[in-house]
Amino acid sequence: MNKKGCNRNSTQKLSTFDWMCDLPETQKDTDFVEVQFKNTRKGYFLNSTKIPLEKGDVVAVESSPGHDIGEVTLVGRLVLLQMKKYNVNPDKIEVRRVYRKAKETDLEKFQEAKAKEQGTMIKARQIADNLKLNMKIGDVEFQGDGNKAIFYYIADERVDFRQLIKVFAETFRVRIEMKQIGARQEAGRIGGIGPCGRELCCSGWMTNFNSVSTSAARIQDISLNPQKLAGQCGKLKCCMNFELDSYTDASKNFPSKEIHLETLDNTYYHFKTDVFKGAISYSTSPNFAANLVTISAKRAKEVIAMNRKGSKPDLLDNKIDEEVKAIPVNYENGVGQDSLTRFDSSKKRSGKSNKRPNNRPQNKPAQAAESKGAENKAVENKKPENKKTPRFQKPIKKTDNSTKENEK
């Protein structure tokens, strides 16, 4: 469905979102088609024989020499827009043709050639090492018919590989083509997992690589640790450029880091800037954190203005703005603030549970008064028993009920 529909094909890096797939009248506007090879190379070819092609079809296209096997990724009017984007002008450049849809024999040759790529790369590295060439062969790509091989290499200096090509041609018996790539392109071809836990951007979706400098790390207050700033290719991480523009715009609202703040007690030096909170931390020492005070950018500008006028505030954080105060963040769960155990059945005891009888009177004033009166009557009517008299208590004389009532 990804190949036939509008969605981007997840297995292809250079695939384009076909936003014209729901317009059937645009599918036959042109005979040009986009064909992709091995996830890192694609080209535009002319369907001169009017073969009915759709996205996802495997075709045999013209190459030099022989033919190559690729997958159709775009057809219709969108192909013209992509050709304009990549400066492919059919009037100035000779556009090669689509021969046919790939047959079983074509696919078998293509699989055989693809299976030889790994062994060829290892052997090519050994040959380059024996010739003592300062280069590294990163990948090998065979043509669909197996008559040509493209060797991708990286080198810091100019390499004279004329002797190398002769040895390659005698060893592999194919036509040799050498292409120099950068370290980032090599990492994109090999692939891997970044320190963030996700697939490398260069192997997943990035096609254009811009230069990255250490100033991007300084603007974003990232630790200048070479081991953490370098990616798997050995260069600075491309992701440091993703949020650089946002940090640059936000830093315009902060005062310069070189300006010191003067108070009656101390001189404060810039220590750290928190772009998200809009706060700045100052220290009394220019080299390490000592007596840190965090204020807002607005308060820092006020103190700078006072120092320029020749006055000094008593305290640096005398007027803390409400913007700097920590605002508690109320996180919400994905089930709408409902407990995850709301559907669990609570264990209820059966009706014949072994519970101790509760003979205590209820806390009601009327029942308490009645029970108290009943107890008094029971005490009056109850005959005293022969008990031992406690110590320091006078013995009670035994009398009849009639005498008791007379005494009362």
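Starting from residues that are closer than 16 Å to Asn253 by Cα and β-branched (Val, Ile, Thr), keep the ones in region 271-293 and report whichever is surrounded by the most Cβ atoms within 10 Å (Cβ to Cβ).
Ile280
Pick from Val159, Val140: which is over 38 Å from the mean Cα position of the chain (by Cα), outside any helix (DSSP H, G or I) and more than 24 Å from Ile51 (Cβ to Cβ)?
Answer to the selection: Val159.
Go through region 266-275 and count every residue that is under 17 Å from Ser223 (Cβ atoms) and either outside any strand (DSSP E or B) or touching a Leu at 6+ places or on another chain (Cβ under 7 Å) (or both).
2
Please enumerate the residues belonging to region 37-64 that are in contact (Cβ under 8 Å) with a residue 24 or more places away in the chain, open to solvent by 50 Å² or more (accessible area, probe 1.4 Å) and among the basic types (Lys, Arg).
Lys38, Arg41
Filter region 174-204 for residues that are more than 22 Å from Phe161 (Cβ to Cβ), aliphatic (A, V, I, L, M) and surrounded by 13 or more Cβ atoms within 10 Å (Cβ to Cβ) and give the result.
Within region 174-204, Ala187, Leu200 meet the criteria.
Of the numbered conditions (1) out of contact with any Asp or Glu (no Cβ under 9 Å at 6 or more places or on another chain); (2) loosely packed, with under 11 Cβ neighbours inside 10 Å; (3) modelled with pLDDT of 85 or more, Thr207 satisfies every one except a single condition; which is it?
(3)
Go through region 199-232 and count every residue that is in a loop (DSSP other than H, G, I, E, B) and in contact (Cβ under 8 Å) with a residue 60 or more places away in the chain.
Qualifying residue count for the region: 2.
Regarding region 233-254, can at least one residue be identified that is of a type in the set (A, V, I, L, M, F, W, C), open to solvent by 60 Å² or more (accessible area, probe 1.4 Å) and touching a Phe, Trp or Tyr at 6+ places or on another chain (Cβ under 6 Å)?
Among the residues of region 233-254, not one is of a type in the set (A, V, I, L, M, F, W, C), open to solvent by 60 Å² or more (accessible area, probe 1.4 Å) and touching a Phe, Trp or Tyr at 6+ places or on another chain (Cβ under 6 Å), which makes the answer no.
Give me the pairs: first residue in region 165-192 and closer than 10 Å to Cys233 by Cα, second residue aromatic (Phe, Trp, Tyr) and open to solvent by 30 Å² or more (accessible area, probe 1.4 Å), beta-carbon distance under 9 Å, and six or more apart or on different chains, which are they?
Cβ pairs passing all conditions: Gly182/Phe209; Arg184/Phe209; Gln185/Phe209; Gly188/Phe209.
Across region 233-256, what is the total count of residues that are in a helix (DSSP H, G or I) and over 20 Å from the mean Cα position of the chain (by Cα)?
Total satisfying the criteria: 6.
If you take the residues of region 257-275 that are more than 12 Å from Val293 (Cα to Cα) and hydrophobic (A, V, I, L, M, F, W, C), which of them is farthest from the chain's Cα centre (by Cα)?
Of everything passing the filter in region 257-275, Leu264 is farthest from the chain's Cα centre (by Cα).
Is region 170-186 home to any residue that is in a loop (DSSP other than H, G, I, E, B) and more than 19 Å from Arg41 (Cα to Cα)?
yes
Report whether or not Lys132 is within 17 Å of Val174 (Cβ to Cβ), open to solvent by 20 Å² or more (accessible area, probe 1.4 Å) and not small (Gly, Ala, Ser).
no
Are any of the residues in region 215-224 open to solvent by 30 Å² or more (accessible area, probe 1.4 Å) and within 19 Å of the chain's Cα centre (by Cα)?
yes
The values are calculated or read from the model by the stated rules, or taken from the named source; none is laboratory data. If you're wondering where the values come from, they're calculated on a predicted model, not measured in any experiment. In this analysis, Cβ positions are derived from the backbone assuming ideal geometry, glycine residues included, and neighbour counts consider all displayed protein chains. For accessibility, only protein heavy atoms count, side chains too; no ligands or nucleic acids. Shrake-Rupley method; radii C 1.70, N 1.55, O 1.52, S 1.80 Å.
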